[in-house]
Number of protein chains: 2
Amino acid sequence: MSEQRVAPVAALQPPYYAVVFTSLRTERDAGYGETAGRLGELVKEIPGFLGEDAARTPGGLGITVAYFRDLDGIERWRAHAEHRAAKEYGRAHWYERYSLHIAKVEHSHGFVREAREA
Amino acid sequence: MSEQRVAPVAALQPPYYAVVFTSLRTERDAGYGETAGRLGELVKEIPGFLGEDAARTPGGLGITVAYFRDLDGIERWRAHAEHRAAKEYGRAHWYERYSLHIAKVEHSHGFVREAREA
């Protein structure tokens with residue numbers, strides 16, 4: 001959600017997990033940015049967390065993809081008290097709708113432009 | 001990449017596949033929007049294609065998640081001539097880097113706000 005030019009999380013060696021969270025926001029802010037920033041720090045403490053990418057359209061469609069080594073880490077994050085509280089608050093205030101997909105990565109591939117072409 | 005308020009693809013009944021494409025764009029446009037729109041139409045013709053979500057930050061980080069019923073559909077899309085040509089052009093002109101993750105969805109969950117709260 002930053003305007004900095006941040007590179008996406010690199011393709012990793014499978015297997016690992018991708019947690020895809022897509023959402024349509026309400027028009028309300030209600031502390032969203034602050035909580036999102038706090039959660040973005042907390043998730044880094046979860047064992048097996050591998051990184052996260054996030055983007056949102058001006059129209060309110062957001063996509064966050066978090067990568068974890070295994071389901072254990074995803075379950076720990078799901079059960080994390082602050083994360084749970086934020087999700088409950090989010091359903092009450094921030095989200096018109098959302099979809100969550102927990103998926104095991106079977107294949108991955110990366111591309112990095114050669115420096116001479118940059 | 002639209003400013004319309006578009007709802008994300010709904011959570012589907014697993015198993016199905018998510019193809020997560022994350023990228024950092026170059027500063028060049030070079031026909032990107034036109035090609036992206038064309039590919040967005042073509043992929044709908046692939047058997048087993050279930051939908052697609054896309055968002056991009058102002059800083060150039062983009063995330064596209066396409067959902068397919070099975071690997072056959074993903075392979076057909078990978079082998080599609082116009083898609084292949086666009087990827088090659090993209091590596092030459094549009095992308096600083098990208099990551100592709102092909103993942104089998106094991107769990108999914110959706111939330112839709114009650115109309116009375118909208």
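List of remarks:
- Annotation: aspartates and glutamates with alpha-carbon distance below 12 angstrom to B:Lys104 (same-chain offsets under eight excluded): A:Glu106, B:Asp70.
- Under the combined filter of DSSP loop state and at most 14 neighbouring Cβ atoms within 10 Å, region B:1-87 retains none of its chymotrypsin sites (Phe, Trp or Tyr not before Pro).
- With both residues required to sit in the protein assembly as shown, DSSP beta bridges show an antiparallel share near 100%.
- GluC sites (Glu not before Pro) within region A:2-84: DSSP coil, no more than 16 neighbouring Cβ in 10 Å: A:Glu3, A:Glu27
- Shape category assigned to the protein assembly as shown from the gyration tensor of Cα positions, a/c cut at 1.5: rounded
- Coil-residue trypsin sites (Lys or Arg not before Pro) of region A:1-104, DSSP, other Cβ within 10 Å capped at 11: A:Arg28
- Rounded to 0.05, the FRET efficiency of the B:Tyr89 and A:Arg69 pair, given R0 = 30 Å and the Cβ-Cβ distance, is 0.30.
- All distinct Cα pairs of region A:16-105 go into the 1/r average, and the inverse of that average, the Kirkwood radius, is 13.4 Å.
- In chain A, the DSSP-assigned H stretches of four residues or longer account for a calculated mean residue ellipticity at 222 nm of -8500 deg cm²/dmol, using -39500 (n - 2.57) per stretch and the full residue count as denominator.
- Taking Cβ atoms as reference points and 14 Å as the exclusive limit, the residues near B:Arg78 contribute a net charge of -3, counting Lys and Arg as +1 and Asp and Glu as -1.
- Simple spin-label estimate for A:Arg78 and A:His107 gives 2.7 nm between the two label positions (7 Å along the Cα-to-Cβ direction from each Cα).
Since every read-out is calculated from the coordinates, none of them should be taken as a lab result. Predicted model only: the values in this text are computed from it and were never measured. Cβ coordinates were reconstructed from backbone atoms using ideal geometry, including for glycine residues, and neighbour counts include every protein chain displayed.
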